[in-house]
Amino acid sequence: MTSDHRTGPPHFGSERDMLRAFLDYHRDTLAMKCAGLTDEELRRRSMPPSTLSLLGLVRHLAEVERTWFRRVFEDHDIPLVWSDEMDFQAAYDASASTRAEAFAAWEAEVAESRRIEREAASLDRAGYQPRWEEEVSLRMVMLHVLLEYGRHNGHADLLREGVDGTVGA
């Protein structure tokens with residue numbers, strides 16, 4: 001990994017500011033875990049038969065961002081980035097993917113998520129989660145996505161260590 005350029009979350013702040021900061025911190029962590037690696041290294045799988053790789057995680061988290069922000073708050077029928085059949089596993093197979101392709105999609109979805117969050121009057125904004133056929137709050141969505149990043153950044157730690165031995169934040 002290159003140097004750590006992440007901005008740590010504040011120790012005090014409003015609920016919204018804290019959620020936003022921790023989510024951005026985890027987004028930056030994913031990018032940092034992938035920094036300095038070639039496409040081939042980013043595609044390196046964890047262990048057979050799993051297709052899990054760092055690039056697969058980037059692709060999956062693009063789907064997470066799209067599913068939990070755009071599909072819930074704007075377009076319930078927008079397809080996934082890599083699957084028309086709502087197959088979340090499709091994103092993990094990055095065997096034909098590149099850093100440019102995966103990061104472009106992820107960064108575009110992160111930008112949309114940030115826009116949706118900033119335009120919402122409050123964390124109580126209700127959206128509709130089509131998979132559950134229920135309404136959910138922006139607060140719940142931000143917490144859910146934050147937990148997704150936390151879990152997958154743990155995977156990224158192990159994947160990065162497997163690629164080049166790098167450990168740490």
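Values computed for the structure shown
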item	result
Helices (runs of 4 or more DSSP H) wholly inside segment 1-78 containing at least 2 residues that are under 14 Å from the mean Cα position of the chain (by Cα), of a type outside the set (A, V, I, L, M, F, W, C) and under 30 Å from residue 125 (Cβ atoms)	15-34, 54-65
Some residue of segment 35-42 being surrounded by fewer than 23 Cβ atoms within 10 Å (Cβ to Cβ), of a type outside the set (A, V, I, L, M) and either under 19 Å from residue 141 (Cα atoms) or touching a Leu at 6+ places or on another chain (Cβ under 6 Å) (or both)	no
Test: residue in segment 55-72 that is exposed (fewer than 13 other Cβ atoms within 10 Å of the Cβ) and either closer than 22 Å to residue 21 by Cβ or not aromatic (Phe, Trp, Tyr) (or both)	no
Selection from segment 97-119 of residues that are farther than 22 Å from residue 41 by Cβ and either surrounded by fewer than 17 Cβ atoms within 10 Å (Cβ to Cβ) or not aliphatic (A, V, I, L, M) (or both)	108, 109, 111, 112, 113, 114, 115, 117, 118, 119
Criterion: among the charged types (D, E, K, R) and in contact with a Cys (Cβ under 8 Å, 6 or more places away or on another chain) - qualifying residue of 131, 99, 70, 115	99
Pairs, first under 23 Å from residue 156 (Cα atoms) in segment 3-31, second small (Gly, Ala, Ser) and part of a helix (DSSP H, G or I), C-beta under 7 Å, six or more apart	9/21; 26/150; 30/156
Residue identified as part of a helix (DSSP H, G or I) and over 17 Å from residue 71 (Cβ atoms) among 156, 94, 121, 111	156
Where residue 89 falls short, out of the listed (1) closer than 24 Å to residue 54 by Cβ; (2) in contact with a helix residue (DSSP H, G or I) (Cβ under 8 Å, 6 or more places away or on another chain)	(2)
Any chance residue 141 is part of a helix (DSSP H, G or I), among the aliphatic types (A, V, I, L, M), open to solvent by less than 60 Å² (accessible area, probe 1.4 Å) and at pLDDT 95 or above	yes
Failed item in (1) open to solvent by 60 Å² or more (accessible area, probe 1.4 Å); (2) touching an Asp or Glu at 6+ places or on another chain (Cβ under 8 Å); (3) part of a helix (DSSP H, G or I), with residue 167 passing the rest	(3)
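The values are calculated or read from the model by the stated rules, or taken from the named source; none is laboratory data. Because the structure is a prediction, the values reported are computed rather than measured. Quick reminder, even Gly has a Cβ in these numbers, built from the backbone with ideal geometry, and neighbours come from all protein chains shown. Calculation scope for accessible area: heavy atoms of the full protein, side chains included, ligands and nucleic acids excluded. Shrake-Rupley method; radii C 1.70, N 1.55, O 1.52, S 1.80 Å.
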